[in-house]
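Chemist: Starting off with a structure, shown below.
The values are calculated or read from the model by the stated rules, or taken from the named source; none is laboratory data. Just so it is clear, the structure is predicted and the values come from calculations on it, not from any experiment. Ideal geometry is used to build each Cβ from the backbone, glycine not excepted, and the neighbour counts take in all protein chains shown.
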Amino acid sequence: MKILITGAAGNLGRQLTQQLSRNHEVVGADIVGENVHHLDITDYSACQALMQQINPDIVLHPAAWTDVNGCAENPQKAILINGVGTHNIAVTSAQLDIPILYISSNEVFDGKLNRPYTEYDITNPINPYAYSKWYGERAVQQINPKHYIIRTAWLFAHGGNNFIQAILNAVKAGKSLRVVTNEVANPTYTNDVAQAVAQLIETQRYGIYHFVNEGAVSRWDFARYALDCAGFTETPIARISRHEWKRPSLPPEYTPLDNLAGASIGITLRPWQDAVNAFLAIEAGSAS
């Protein structure tokens with residue numbers, strides 16, 4: 001299978017490339033990075049030209065502006081990249097009858113449900129980043145009938161700037177930690193998402209899927225577990241409310257995802273604790 005991956009220089013894009021290159025011909029595209037085709041997804045003509053040139057069997061579309069605070073400060077840019085950019089990829093793939101797999105977010109939900117969200121619960125984005133990802137979902141659903149929509153949450157990756165590394169870097173720098181107790185979701189390892197995507201695209205069972213590591217946890221408990229596993233058991237973490245952590249974008253409070261659709265066809269992700277252990281083991285091996 002020939003696979004085109006947008007955002008191939010990003011954290012998830014790199015992992016998807018590494019995972020899928022084992023069994024498929026993978027072509028990467030991004031606005032930055034080396035050994036990839038240069039592509040600005042907000043340029044419709046460029047998207048059309050590249051899709052026609054590559055003529056892939058499927059396009060995976062993780063490319064996005066994921067800076068949630070930046071999106072809050074510049075919502076028009078968020079819509080342009082995450083909404084219009086995704087619309088361009090959806091249109092060009094549909095024109096060539098190419099399936100599309102779009103990476104979305106748990107933040108398309110408003111966080112007011114008292115249970116984990118299933119794939120077909122009603123979406124209601126409450127911040128600019130979330131709205132831009134919801135826009136992308138709608139574009140994909142309405143334009144290309146051969147679509148997979150993958151919602152994930154709290155991604156952590158090797159070489160990326162994410163929550164675990166931010167916590168560990170702060171401790172190593174001697175900084176005090178204050179972490180929110182009342183935001184809850186699923187910590188999710190990019191390596192595990194990539195493996196799940198590799199399984200899914202072999203099925204041609206289009207639809208919406210929630211690919212997150214099993215189990216939900218607060219930001220504070222996530223931080224505490226990661227520090228304990230990394231050997232910082234004596235490091236204190238102050239508990240704070242989400243409203244005490246001032247930032248441009250306020251995420252939804254309770255957005256665990258339930259992987260019903262994937263599990264129904266045998267695609268599951270391990271518990272988040274096991275994923276964190278595996279992540280830290282590789283990080284430790286790289287540092288030694």
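Chemist: I'd like the full set of residues that are hydrophobic (A, V, I, L, M, F, W, C), touching a helix residue (DSSP H, G or I) at 6+ places or on another chain (Cβ under 7 Å) and closer than 30 Å to Asn144 by Cβ, limited to region 201-237.
Modeler: Within region 201-237, Ile208, Phe211 qualify.
Chemist: Looking only at region 1-36, which residues are surrounded by 17 or more Cβ atoms within 10 Å (Cβ to Cβ) and either assigned to a strand (DSSP E or B) or in contact with a Cys (Cβ under 6 Å, 6 or more places away or on another chain) (or both)?
Modeler: Matches in region 1-36: Ile3, Leu4, Ile5, Thr6, Val26, Val27, Gly28, Ala29, Asp30.
Chemist: For region 62-80, what are the residues that are buried (at least 18 other Cβ atoms within 10 Å of the Cβ) and free of Cβ contacts under 8 Å to residues at least 60 places away in the same chain?
Modeler: If the condition is that a residue be buried (at least 18 other Cβ atoms within 10 Å of the Cβ) and free of Cβ contacts under 8 Å to residues at least 60 places away in the same chain, then Pro62, Ala63, Ala78, Ile79 are the ones that fit.
Chemist: Ok, one more. Let me spell it out: the conditions are (1) part of a strand (DSSP E or B); (2) at pLDDT below 95; (3) not aliphatic (A, V, I, L, M), and Glu283 meets all of them except one. Which number is the exception?
Modeler: (1)
Chemist: Could you figure out which of (1) aromatic (Phe, Trp, Tyr); (2) out of contact with any Gly (no Cβ under 8 Å at 6 or more places or on another chain); (3) crowded, with 24+ Cβ neighbours inside 10 Å isn't true of Tyr102?
Modeler: (2)
Chemist: Would you confirm whether any residue within region 241-251 is modelled with pLDDT of 95 or more, within 30 Å of Cys71 (Cα to Cα) and part of a loop (DSSP other than H, G, I, E, B)? Lay out the reasoning, then the answer.
Modeler: So the first thing to find is which residues in region 241-251 are modelled with pLDDT of 95 or more, and the list is none.
No.
Chemist: Being at pLDDT below 95 and surrounded by fewer than 18 Cβ atoms within 10 Å (Cβ to Cβ) is the requirement here; does Asp121 meet it?
Modeler: It is false that Asp121 is at pLDDT below 95 and surrounded by fewer than 18 Cβ atoms within 10 Å (Cβ to Cβ).
Chemist: For region 252-265, indicate whether the set of residues that are in contact (Cβ under 8 Å) with a residue 24 or more places away in the chain, touching a helix residue (DSSP H, G or I) at 6+ places or on another chain (Cβ under 9 Å) and loosely packed, with under 15 Cβ neighbours inside 10 Å is non-empty.
Modeler: yes
Chemist: Follow-up question, since we're still on this one. For region 190-205, check the following and say yes or no: at least one residue is assigned to a helix (DSSP H, G or I), more than 30 Å from Gln76 (Cβ to Cβ) and without any contact (Cβ under 8 Å) to a residue 12 or more places away in the chain.
Modeler: No: region 190-205 contains no residue that is assigned to a helix (DSSP H, G or I), more than 30 Å from Gln76 (Cβ to Cβ) and without any contact (Cβ under 8 Å) to a residue 12 or more places away in the chain.
Chemist: Being among the charged types (D, E, K, R) and closer than 22 Å to Pro116 by Cα is the filter; apply it to region 177-201 and report the residue that is surrounded by the most Cβ atoms within 10 Å (Cβ to Cβ). Walk me through it before giving the result.
Modeler: The first filter runs over region 177-201 and keeps only residues among the charged types (D, E, K, R), leaving 178, 183, 192.
If we keep only those that are closer than 22 Å to Pro116 by Cα as well, we get 183, 192.
On the way: Glu183: 22, Asp192: 24.
Among residues in region 177-201 that are among the charged types (D, E, K, R) and closer than 22 Å to Pro116 by Cα, the one surrounded by the most Cβ atoms within 10 Å (Cβ to Cβ) is Asp192.
Chemist: For region 105-118: of the residues being crowded, with 18+ Cβ neighbours inside 10 Å and over 17 Å from the mean Cα position of the chain (by Cα), which is farthest from Thr66 (Cα to Cα)? Please lay out each step first, then the result.
Modeler: Within region 105-118, the first condition is being crowded, with 18+ Cβ neighbours inside 10 Å, and the residues that meet it are 105-111, 116-117.
Filter once more, keeping what is over 17 Å from the mean Cα position of the chain (by Cα): 110-111, 116.
On the way: Asp110: 18, Gly111: 19, Pro116: 23 Å.
Within region 105-118, the match that is farthest from Thr66 (Cα to Cα) is Pro116.
Chemist: Follow-up. Inspect all residues belonging to region 210-217 and state whether any of them is assigned to a strand (DSSP E or B) and of a type in the set (Asp, Glu). Please lay out each step first, then the result.
Modeler: First, the residues of region 210-217 that are assigned to a strand (DSSP E or B): 210, 214, 217.
Narrowing further to those that are of a type in the set (Asp, Glu): 214.
Looking for residues that are assigned to a strand (DSSP E or B) and of a type in the set (Asp, Glu), one finds at least one in region 210-217, hence yes.
Chemist: Scan region 15-64 for residues that are β-branched (Val, Ile, Thr) and closer than 19 Å to Ile81 by Cα and report the count.
Modeler: Filtering region 15-64 for residues β-branched (Val, Ile, Thr) gives 17, 26-27, 31-32, 36, 41-42, 54, 58-59.
Those still in the list that are closer than 19 Å to Ile81 by Cα too: 31-32, 36, 41-42, 59.
The total comes to 6.
Chemist: Does Thr42 satisfy being modelled with pLDDT of 95 or more, in a helix (DSSP H, G or I) and more than 30 Å from Leu260 (Cβ to Cβ)? Before you say what the answer is, go through the steps one by one.
Modeler: On the way: modelled with pLDDT of 95 or more: yes; in a helix (DSSP H, G or I): no; more than 30 Å from Leu260 (Cβ to Cβ): yes.
When the stated conditions are applied, Thr42 does not pass them.
Chemist: Going through region 195-238 one residue at a time, which ones are touching a strand residue (DSSP E or B) at 6+ places or on another chain (Cβ under 7 Å) and of a type in the set (Lys, Arg)?
Modeler: Arg219
Chemist: While we're looking at this one, here's another question. Out of Gly83, Gly159, which single residue is within 17 Å of the chain's Cα centre (by Cα), buried (at least 18 other Cβ atoms within 10 Å of the Cβ) and closer than 25 Å to Ala196 by Cα? Give the derivation first.
Modeler: Working: Gly159 fails: buried (at least 18 other Cβ atoms within 10 Å of the Cβ).
That would be Gly83, the only listed residue that is within 17 Å of the chain's Cα centre (by Cα), buried (at least 18 other Cβ atoms within 10 Å of the Cβ) and closer than 25 Å to Ala196 by Cα.
Chemist: Let me ask something else about it. Does region 209-231 contain any residue that is out of contact with any Ser or Thr (no Cβ under 8 Å at 6 or more places or on another chain), within 19 Å of Gly13 (Cα to Cα) and either hydroxyl-bearing (Ser, Thr, Tyr) or surrounded by fewer than 21 Cβ atoms within 10 Å (Cβ to Cβ) (or both)?
Modeler: The answer is yes, given that some residue of region 209-231 is out of contact with any Ser or Thr (no Cβ under 8 Å at 6 or more places or on another chain), within 19 Å of Gly13 (Cα to Cα) and either hydroxyl-bearing (Ser, Thr, Tyr) or surrounded by fewer than 21 Cβ atoms within 10 Å (Cβ to Cβ) (or both).
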